[in-house]
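Everything on this sheet refers to the single structure shown next.
The values are calculated or read from the model by the stated rules, or taken from the named source; none is laboratory data. Quick caveat, the model's predicted, so the values are computed rather than measured. Using ideal geometry, Cβ is built from the backbone for each residue, glycine included, and neighbour counts are taken over all protein chains shown. With ligands, DNA and RNA removed, areas are computed over all heavy atoms of the protein, side chains included. Shrake-Rupley method; radii C 1.70, N 1.55, O 1.52, S 1.80 Å.
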Amino acid sequence: MRHRILATLLYTEWLSFKREKSLLLFTLLLLAAGFYGIYSGHAEISRQRTKLAGLEQLYQDNISEMNAKYPDGADAGDIGYYHSAFARNLPDSWAALSIGQRDANPYYIKLRLLAVQNQLYNSENTNPDKLASGTFDLAFVLVYILPLFIVAICFNIYSAEKERGTLGSILSQPVSLSALLFAKFLFRFLLILTLVIFLSLVGISVNTATADSRLWLWIGGTVLYSLFWLGVCYVIVVLKKNSAFNAVSLLGLWLLFTVIMPVTFNVIIQIRQPLSEGLQLTLKQREEVHAGWDRPKEQTMQRFFTYYPKYRNTPEIGARFEWKWYYAFQELGDRSVDSLYKVYSHKLKSRSHLTSELSKLSPPATFQLFLNALCGTDIRAQLDFMESAVQYHNKLKAFYYPYLFYKKPFLESDFAFEPRHAHQSVADRNAIYPALIAMLIAFLAVLFAGAVLQLLVSSEIR
Amino acid sequence: MIRTISQKEVTSVLRDKRFVLIGVIVVLLLVAAVITGIISYKQLSAERTIAQQEASNDFKDQPARHPHRMAHYGSYAFRPKSSFSFFDFGLDSYTGTMVYLEAHQQNSSNFSTVQQSGSLLRFGELTVAFVLQWLIPLLIIFLSFNTFTQEKEDATIKNLLSQGMTVGEIALGKLHGYLKVLTLILVPALLATFVFMFLANDLKFNGDFLLRLALFVAAYSIYFFIFLALCILVSAFNQYSRTALISLLAIWIFCCILLPKITANMGSLLFPAPVKAEMDALVHHAASKGIDGHNPQDKRRADLTKKLLAKYKVDSVSQLPVNIDGVIMAEGEAYSSRVYAEEFDKLADTFRKQSSISEWAGFVNPFQAIRYISMGLAGTDAAHYVHFLKAAEAYRYQLTQHLNHLQASKLKYHDKDTRLDSSHWKNYPEFEYRQPPVTFALSRHWISIAALLTWGILLLSLFRYLISRLFKP
């Protein structure tokens with residue numbers, strides 16, 4: 001019996017959905033935004049992939065230039081100075097769905113054998129205006145527009161029937177108000193579910209994202225997030241106020257969760273955890289490297305040999321200038337800021353930690369962090385890449401130092417053995433489950449609040 | 001009669017507790033934005049001033065050195081915060097803060113806030129401009145969406161019309177009343193803002209400053225007027241408060257959230273920019289092979305040597321009265337800097353083209369017009385950033401050439417050992433960035449200014465006409 005009533009109510013909703021143009025219009029708008037988001041995210045990551053692939057040509061051109069410049073083999077010191085290689089941060093197959101920080105951070109680092117700390121923070125040619133406006137990817141559609149869509153189709157669930165005068169005739173049937181509300185919400189939930197699953201699947205297949213366990217996490221997270229917003233609508237709807245009140249309150253809540261809270265957290269982070277280590281590190285590193293010119297060569301080499309004892313028995317520096325001495329003080333410059341570098345990376349990590357802690361209060365912020373973590377585009381992924389670039393620089397040093405210290409000429413054929421680098425961004429698994437739990441708690445909280453309010457309101461009426 | 005209607009609107013708005021509550025929230029946010037803006041301004045400003053001082057002193061305090069070593073030691077340019085930037089952060093969090101200035105190469109400007117923050121920053125920043133551009137329009141919508149629809153629903157509009165008033169006159173009265181309410185809220189808030197500003201900053205009351213202030217107030221007044229007029233028009237057009245409100249909220253979402261992102265994305269898809277590595281390779285290639293490919297570096301050096309030998313009538317470079325090392329270095333720097341400047345101008349032009357779509361969108365969307373005008377006046381837009389980068393590059397170039405000339409005039413040919421006295425660095429002027437005058441900002445955003453003025457003038461002159469055409473009883 002109860003199932004029959006529910007089925008009838010759902011069917012009635014379906015009929016009125018087909019009749020009411022505004023619902024249909026909102027659905028089409030969401031789909032259009034979703035398709036544009038998928039397209040523009042795909043275009044951005046494709047551009048990055050093309051540029052990353054293009055680096056190979058620049059690398060080969062540089063090698064040809066070196067070969068032309070030093071036809072009979074070179075001093076490896078010259079190669080280290082004039083030749084550059086690239087550390088590359090390849091996007092995950094999911095990256096186009098949520099670009100995250102990939103547009104703001106460089107996705108490759110050009111490296112020479114010189115001190116790495118002077119090269120690690122170089123930035124990319126990006127239009128700051130574009131960065132400030134942000135990307136229109138599928139994640140943006142889900143984080144910002146989906147809640148507006150949910151609000152648009154739910155805000156007048158009750159009030160519209162009342163204002164149209166149709167509520168009385170429905171309630172005169174053997175249907176309770178809660179059953180009616182439940183059916184209306186259920187219908188909308190099914191509609192949202194269909195739309196988000198459809199959009200996600202389109203996005204995933206357009207980008208040929210690997211359909212691993214993240215498929216379920218993506219959809220699960222999106223459904224939880226939609227449920228949270230349905231819950232928020234429920235809280236307002238059960239107050240049984242007019243449509244205008246509902247619309248204003250819901251937009252107000254959207255503004256609170258999606259804009260005001262993140263913006264405020266941001267201020268808290270910037271003020272509580274200021275970050276000037278980057279500037280300090282750069283200034284100090286230059287002093288150290290340049291002091292290398294004036295320090296006694298023997299002293300520099302002895303300090304260097306404590307890190308590389310295997311080169312201890314190589315010939316002493318005799319000439320006014322020798323490359324191995326030059327690179328030795330470059331490396332010592334890096335080592336002198338090692339502790340500052342550690343503090344800097346640690347501070348970046350603790351900023352990111354504080355960010356995710358504060359974001360738990362704002363489901364949109366949590367959901368955005370969740371999507372970025374899932375697609376390997378969050379700040380953590382960037383820090384991993386920077387760390388991997390430092391490791392790569394170490395490999396380059398390990399490759400070039402023997403040429404310098406054992407006086408081996410660097411031949412054209414030696415380029416084939418130069419280490420190469422490609423870091424594959426991966427999902428930040430540690431961030432995924434806490435975010436899901438935070439969204440689940442937020443959903444349960446609004447559901448509870450709604451239920452309590454419904455009880456209060458109905459007892460008031462009685 | 002118009003005055004009576006105006007007075008009625010003011011009274012009824014001020015009686016509405018919900019409106020007073022929202023007004024208080026907005027004003028509180030404005031005050032919070034001012035305070036955090038000033039804190040962050042002071043923090044970043046101090047950080048950069050100290051760093052710039054340190055970098056400049058490091059350079060000045062160098063002992064006797066070979067000039068070319070000084071050219072490699074180089075200096076730093078830190079971008080000072082514009083004194084108006086606390087009002088509108090603009091793009092400041094998305095631009096680099098320091099450039100390393102050294103011989104032979106142009107480095108990127110590094111350590112932008114966005115690179116050192118997580119995704120939260122991308123949700124926006126709490127600034128005065130944010131409150132004025134985003135939240136005040138919402139407040140205006142809430143204030144006036146039902147101004148006509150309520151009268152229709154209560155059938156009071158018929159009374160007004162039967163007393164011989166035209167719809168246009170009623171609408172003018174309403175406009176007048178709401179402007180008064182907005183003034184009541186905003187003027188004290190803005191006054192408080194400026195008091196905070198004067199307490200926190202030691203600003204000088206020069207003409208440029210006052211002009212900026214006046215232009216800010218004027219531009220935002222036009223912006224609020226546009227929103228208010230649109231709200232009243234929509235309310236006149238709709239029969240129900242509910243539909244008027246939904247339409248206005250939809251317009252707000254479209255203007256403040258969707259369209260800016262869409263046009264920014266379209267811009268970067270339509271006008272792709274080269275990555276830094278490509279640009280560097282291009283500059284390097286053009287500098288070593290010659291801009292047209294027919295004038296390689298070796299040939300340029302040989303020509304220069306020949307010219308100098310002929311000029312001083314000697315037959316070997318060691319007999320020249322100038323040190324050819326320095327001359328060649330200066331020539332190379334001049335050539336590669338010229339190539340770089342060309343490429344940089346192309347890049348800046350690409351960025352301008354990317355943003356021009358958003359600027360033209362101002363004719364459809366007043367939010368985008370005020371956004372650029374406000375950023376421009378605050379000195380936090382892309383044009384000011386490019387201006388800083390060019391100033392940094394100009395300083396780098398002059399410094400390097402100064403050191404090259406020292407090498408050419410004070411050192412002998414192939415002399416790598418002589419060190420010049422430290423006074424040579426002590427007296428070199430430090431990098432001091434001067435923000436361009438307000439005319440710079442205005443000339444860069446004439447599209448947005450035209451868009452905002454067009455909106456304002458059209459609505460002002462056509463308001464009565466539009467209202468009578470759109471009004472539905």
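Worth a mention:
- Subset of the stretch A:23-34 that is open to solvent by less than 50 Å² (accessible area, probe 1.4 Å) and not β-branched (Val, Ile, Thr) - its residue that is nearest to the chain's Cα centre (by Cα): A:GLY34
- Residue pairs meeting the criteria (Cβ under 6 Å; at least 6 apart or on separate chains; first closer than 17 Å to B:ALA330 by Cβ, in the stretch B:292-306; second open to solvent by less than 100 Å² (accessible area, probe 1.4 Å)): B:GLN297/B:SER288; B:ARG301/B:ILE328; B:LEU304/B:GLU331
- All positions within the stretch A:160-190 that are open to solvent by 30 Å² or more (accessible area, probe 1.4 Å), over 13 Å from A:LEU6 (Cα atoms) and at pLDDT 90 or above: A:PHE189, A:LEU190
- Unique match (being open to solvent by less than 80 Å² (accessible area, probe 1.4 Å) and either within 18 Å of A:LEU114 (Cβ to Cβ) or within 14 Å of chain B (Cβ to nearest Cβ) (or both)) among A:THR314, A:THR300: A:THR300
- Residue pairs meeting the criteria (Cβ under 9 Å; at least 6 apart or on separate chains; first facing chain A (nearest Cβ under 9 Å) and within 15 Å of A:VAL151 (Cα to Cα), in the stretch B:230-248; second in a helix (DSSP H, G or I) and open to solvent by 30 Å² or more (accessible area, probe 1.4 Å)): B:ARG242/A:GLU163; B:LEU245/A:VAL248; B:LEU245/B:PHE142; B:ILE246/A:SER22
- A:ARG420 vs. criteria surrounded by fewer than 16 Cβ atoms within 10 Å (Cβ to Cβ) and either under 30 Å from A:TRP216 (Cα atoms) or at pLDDT below 95 (or both): no
- Looking across A:ASP78, A:ASP72, one residue alone is among the acidic types (Asp, Glu) and either in a strand (DSSP E or B) or closer than 21 Å to B:HIS284 by Cα (or both). It is A:ASP78.
- Filter pass, B:ALA264 being hydrophobic (A, V, I, L, M, F, W, C), more than 7 Å from chain A (Cβ to nearest Cβ) and open to solvent by less than 20 Å² (accessible area, probe 1.4 Å): no
- Residue satisfying all of: in the stretch A:229-244; open to solvent by 10 Å² or more (accessible area, probe 1.4 Å) and in contact (Cβ under 8 Å) with a residue 40 or more places away in the chain; nearest to the other protein chains (Cβ to nearest Cβ) among these: A:ASN242
- Of the candidates A:LEU131, A:LEU97, the single residue that is among the hydrophobic types (A, V, I, L, M, F, W, C) and surrounded by fewer than 24 Cβ atoms within 10 Å (Cβ to Cβ) is A:LEU131.
- Conditions (1) over 28 Å from A:ALA43 (Cβ atoms); (2) buried (at least 17 other Cβ atoms within 10 Å of the Cβ); (3) in contact with a Lys or Arg (Cβ under 8 Å, 6 or more places away or on another chain); number of the one not met by B:ALA287: (3)
- Within the stretch A:68-96, the set of residues being touching a Gly at 6+ places or on another chain (Cβ under 6 Å) and within 14 Å of another protein chain (Cβ to nearest Cβ) comprises just one member, A:ALA96.
- Within the stretch A:70-89, residues that are closer than 16 Å to A:LEU411 by Cβ sit with their Cβ atoms under 7 Å from residues that are at pLDDT 95 or above and acidic (Asp, Glu), at 6+ positions apart or across chains, in these pairs: A:TYR70/A:ASP78.
- For the stretch A:350-366, a residue qualifies if it is of a type outside the set (Ser, Thr, Tyr), open to solvent by less than 20 Å² (accessible area, probe 1.4 Å) and at the interface with another protein chain (Cβ under 9 Å from one of its Cβ atoms), and the qualifying residues are A:ARG351, A:PRO364, A:ALA365.
- Single residue of the stretch A:259-268 satisfying the filter (more than 7 Å from every other protein chain (Cβ to nearest Cβ) and more than 13 Å from B:VAL131 (Cβ to Cβ)) that is most open to solvent (accessible area, probe 1.4 Å): A:ILE268
- Across the stretch B:258-311, the qualifying residues are those that are within 30 Å of A:PHE136 (Cβ to Cβ) and hydroxyl-bearing (Ser, Thr, Tyr), and the one among them that is modelled with the highest pLDDT is B:THR263.
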